[in-house]
Amino acid sequence: MNHTTDHESLDVLVIGAGQAGLAIGYHLAQRRLNFLIIDAGPEIGHVWRTRWDSLRLFTPAEHDALPGTPFPAAPGTHPTKDDVADYLSSYARQHHLPVRLNTAVSRLQRSSDGFAADTTTGTVHAKQVVVATGPFQRPHTPSVAGELADEAVQLHSAQYRNPAQLPPDAHVLVVGGANSGLQIAAELAATHRVTVAVGSSPPQLPQRFLGRDLFWWFDKFGLLTKPSTSRLARRLRSRGDLVIGTRTRTLRRRGVEFRPRLTGFTHRTAQFEDGRTGPVDAVIWATGYRSDYRWLDIPDVVVDGQVRHDGGATRVPGLYFLGLPWLTSRGSALLGFVAPDAAKIAAQLAVPPGNRSRRPSDSVTAPAR
């Protein structure tokens with residue numbers, strides 16, 4: 001696409017064409033607002049397509065829909081990552097959403113008519129902006145990675161695709177005991193000697209309980225929609241993210257070893273917090289992501305890596321965030337549960353900023369870990 005400058009000011013610019021950006025796009029289209037969705041990727045669903053090959057959703061298909069279109073899979077089945085990418089791409093086409101791809105934002109700042117976004121395809125002007133870039137922005141690898149011998153293979157979970165990337169019969173250290181780390185360890189256990197280093201152990205739940213999928217119970221008791229300010233939500237947040245379907249005891253039976261926190265390397269030997277050591281031929285860093293808002297040139301919106309908002313609304317009139325973990329509830333960052341937040345923010349966007357009476361408070365969403 002040629003570089004252009006969009007002189008006409010949009011009603012709304014949406015940054016990010018993932019599930020959150022498409023969900024709010026649906027509602028903006030219903031309200032006939034003049035909007036554009038931009039995304040740095042080469043195709044819709046690109047982030048999903050580039051995750052590891054065997055990845056499946058925890059949520060069954062009946063809980064994976066965006067507004068206006070059910071997920072095209074049988075209830076009780078768990079879609080693959082490519083199923084999700086296909087669904088997102090089809091969703092944008094079905095609802096004729098205006099998406100501009102290969103468009104990364106280098107700077108967003110205030111302007112006389114609202115906001116100006118400098119991008120790789122030109123400058124876009126908009127009265128209001130929704131940041132829908134999601135929690136998976138910048139893969140995080142601890143500094144201790146620099147101590148490992150050069151000949152050892154190192155991959156972040158964002159780079160891992162399948163066991164063929166690693167040397168045959170290698171000693172593989174997976175660092176991180178949340179969902180990604182345990183799922184990858186389970187896959188590697190069939191072909192490699194696997195050790196998992198766990199700094200903290202989040203709660204683990206089975207995919208099915210008493211003959212029902214776990215998300216049936218979550219839906220029945222409203223656990224994914226409880227307000228983030230409720231006592232139950234605060235308890236859930238304090239315990240960390242849930243590990244679903246992959247159990248430590250099952251992995252132990254399959255030969256996976258578990259160690260406490262990794263403290264360092266000497267050549268190709270790992271040292272752990274309990275003083276034990278182990279050989280390492282390859283490392284998978286399942287150590288999460290960090291937020292990256294260096295392009296956001298608007299003061300006091302992101303402080304120490306944390307977005308300050310109230311239900312997605314910032315203190316800057318016309319600037320919103322969508323799709324972050326715990327934006328309003330546990331489901332705020334999940335494919336099938338982002339719709340309520342999208343609908344609420346779209347309703348606010350339909351009202352000119354000068355006509356809004358309520359000033360957002362200082363609620364905080366922590367960066368993804």
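Derivation of every value follows stated rules applied to the coordinates shown; laboratory data play no part. Because the structure is a prediction, the values reported are computed rather than measured. For neighbour counting, all protein chains shown are included, and Cβ atoms are generated from backbone atoms with ideal geometry for every residue, glycine included.
The alpha-carbon of residue 220 sits under 15 angstrom from the alpha-carbons of these aspartates and glutamates, leaving out residues fewer than 8 places away in its chain: 62.
Two numbers describe the Cα atoms of the chain: Rg and Dmax, which are 21.6, 64 Å. Overall form of segment 80-157: oblate. Here a/c, set by the Cα gyration tensor axes a ≥ b ≥ c, is 1.5 or more, and a/b is not larger than b/c.
Can you list, largest first and rounded to whole Å, the semi-axes you get for segment 146-297 by taking the square root of 5 times each eigenvalue of its Cα gyration tensor? Kindly include the intermediate steps, with their values, before the conclusion.
Numbers: eigenvalues 190, 80, 44 Å².
For segment 146-297, the semi-axes come out at 31, 20, 15 Å.
Classify segment 1-129 as rounded, prolate or oblate, taking a ≥ b ≥ c as the square roots of the eigenvalues of its Cα gyration tensor: rounded when a/c is under 1.5, otherwise prolate if a/b is larger than b/c and oblate if not.
prolate
If we sort 148-154, 243-249, 308-314 on the protection proxy, mean other Cβ atoms within 10 Å, highest first, what's the order?
Numbers: 148-154: 14.4, 243-249: 17.1, 308-314: 21.6.
Listed from highest to lowest mean packing, they are 308-314, 243-249, 148-154.
If R0 is 22 Å, what FRET efficiency do you get for residue 207 and residue 94 from their C-beta distance, rounded to 0.05? Efficiency computed from Cβ-Cβ geometry: 0.15.
Near residue 52, no amide H atom lies under 5 Å from its own; only residues 5 or more places off or on other chains count, and H is placed 1.01 Å from N.
Using a 10 Å cut-off on Cβ atoms, rank the peptides 103-109, 280-286, 37-43 from the highest mean neighbour count down.
Numbers: 103-109: 16.7, 280-286: 23.4, 37-43: 18.7.
Peptide ranking by packing, descending: 280-286, 37-43, 103-109.
In plain terms, the residue of 220, 344 with the fewest other Cβ atoms within 10 Å comes first and the most crowded comes last, giving 220, 344. The antiparallel fraction among DSSP beta bridges confined to segment 1-149 stands at about 50%.
Rounded to the nearest 20 debye, the dipole size of the chain about its Cα centre is 1360 debye, using +1 on the Cβ of Lys and Arg and -1 on the Cβ of Asp and Glu. In this rough spin-label picture, where each label sits 7 Å from Cα along the Cβ direction, the residue 141-residue 268 distance is 1.8 nm.
For segment 35-85, taking Cα atoms only, Rg and Dmax work out to 12.3, 36 Å respectively.
Residues considered: 331, 275, 176. Largest GNM mean-square fluctuation over the chain, using C-alpha springs under 10 Å, is found at 275.
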